Amino acid sequence: MQSSSELFPVALVSAELRGDLSEDVYRLKPGNASDFSVELALTRLGLAGQQGRGMPVILLHGSFSNRRFWYSPRGIGLGPFLARAGFDVWIAEMRGHGLSPRNQAYKHNSVAEYARYDLPAIAAFVREQSGQVPHWVGHSLGGITLAAALGGGYLTAEHAGSAALFGAQVSRVYWPLKVPPVEWGGRLLLKGFQHISGARFKRGPEDEPVGVALESLRWHRLFGRFGDAERDWWAGMADVQVPLLAVSAAGDLQDPAWACRKLFEQFSSASRSFLLLGKEQGFSSNFGHVEMLVSKEAQTEVWPLVEHWLRERRLPADKQHD
């Protein structure tokens, strides 16, 4: 089968019409990581019959999730909203999630692997197809991965026109993990598993490879840092100049606003905006971790702000606080 790209093997898996939307699903095989079995599914959404494509936007889901976070079978979600607004929407699924198959070394997948290899490959393909530098929106672990790729220098201004991080943080303190024997015990326990079940723990429809959990333990242990063996992503974020939007929710108990703001403030060199979704800020409710992007209130109050940010690289005047 002929590849859809000159960069690396890419297969067009399906091309369908979903009501007023066109849906093209690609499977990328970049071959840039030590595990050559990695394949990544990338769904492209647009308006059916539309001539040309608008500004490319890449959406990254969080943990225990897949493309359906952005795009429901009924054609509802931030993805379809942006496609109907004229954007060229690309929805990525991480290794072993959704339409992306599990790779041979699935157990050892990590944010470090995603940030170093997968996001740059996705960016290169989208840029090849669209002829423009893509913009990024990440939720939760997707936002953390995006921050790691920017801080590690794996995504630069050539790969990212802007970045929007929703409910993303790495500063919440888990005090038991600061006690070495507890952290060691947790690591020993996790190593016996291939994955953590999203369904069993009621976290979402997908599993997460145990490598991501082990990596989080390293970040949060005593003297831990947000980075890998080679690069300090946290320190690197201070030099990033890609325009940044960080969004937190007043009712988010998983990733609290103060921790999201701390990540935002580390991007000290970037043109940046911070948005807190809460009643005190003029919103209808104190949004939660998921509800900030997936709810009826988000459709009317949050999605239009995302569209405005992508077009203007700033928030509306009444929402600007930084």
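The values are calculated or read from the model by the stated rules, or taken from the named source; none is laboratory data. Because the structure is predicted, anything quoted here is derived from the model rather than measured. Here Cβ is always computed from backbone atoms with ideal geometry, including for glycine, and neighbour counts include all displayed protein chains.
Values for this structure:
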read-out: Total residues in the range 207-264, condition touching a Leu at 6+ places or on another chain (Cβ under 8 Å), modelled with pLDDT under 95 and closer than 30 Å to Phe283 by Cα; value: 0
read-out: Those residues of the range 80-126 which are small (Gly, Ala, Ser), more than 14 Å from the chain's Cα centre (by Cα) and under 14 Å from Ala41 (Cβ atoms), in sequence order; value: Gly96, Gly98, Ser100, Ala121
read-out: Residue match in the range 282-289 (condition: over 20 Å from the mean Cα position of the chain (by Cα), within 19 Å of Ala149 (Cβ to Cβ) and not acidic (Asp, Glu)); value: no
read-out: Options Pro181, Pro101, Pro134; residue that is in contact (Cβ under 8 Å) with a residue 40 or more places away in the chain and surrounded by fewer than 23 Cβ atoms within 10 Å (Cβ to Cβ); value: Pro101
read-out: Number of the condition not met by Ala229 [criteria: (1) within 17 Å of the chain's Cα centre (by Cα); (2) exposed (fewer than 14 other Cβ atoms within 10 Å of the Cβ)]; value: (1)
read-out: Among the residues listed as Asp24, Asp35, the single one being assigned to a loop (DSSP other than H, G, I, E, B) and acidic (Asp, Glu); value: Asp35
read-out: Residue in the range 9-24 that is surrounded by the most Cβ atoms within 10 Å (Cβ to Cβ), counting only those that are under 18 Å from Arg84 (Cα atoms) and under 23 Å from the mean Cα position of the chain (by Cα); value: Glu23
read-out: Which numbered condition Asp252 misses (of (1) of a type in the set (D, E, K, R); (2) closer than 17 Å to Thr145 by Cβ; (3) under 19 Å from the mean Cα position of the chain (by Cα)); value: (2)
read-out: Selection count where residues are within 13 Å of the chain's Cα centre (by Cα) and either on the phi > 0 side of the Ramachandran plot or at pLDDT below 95 (or both), scope the range 41-74; value: 1
read-out: Set Ala168, Ala147, Ala124: member being in contact (Cβ under 8 Å) with a residue 24 or more places away in the chain, in a helix (DSSP H, G or I), closer than 27 Å to Leu217 by Cβ and hydrophobic (A, V, I, L, M, F, W, C); value: Ala147
read-out: The lone exception for Ala112 - which of (1) out of contact with any Gly (no Cβ under 9 Å at 6 or more places or on another chain); (2) surrounded by fewer than 24 Cβ atoms within 10 Å (Cβ to Cβ) it fails; value: (1)
read-out: Tally of residues being β-branched (Val, Ile, Thr), in a loop (DSSP other than H, G, I, E, B) and either without any contact (Cβ under 8 Å) to a residue 24 or more places away in the chain or within 28 Å of Gly152 (Cβ to Cβ) (or both) across the range 261-309; value: 1
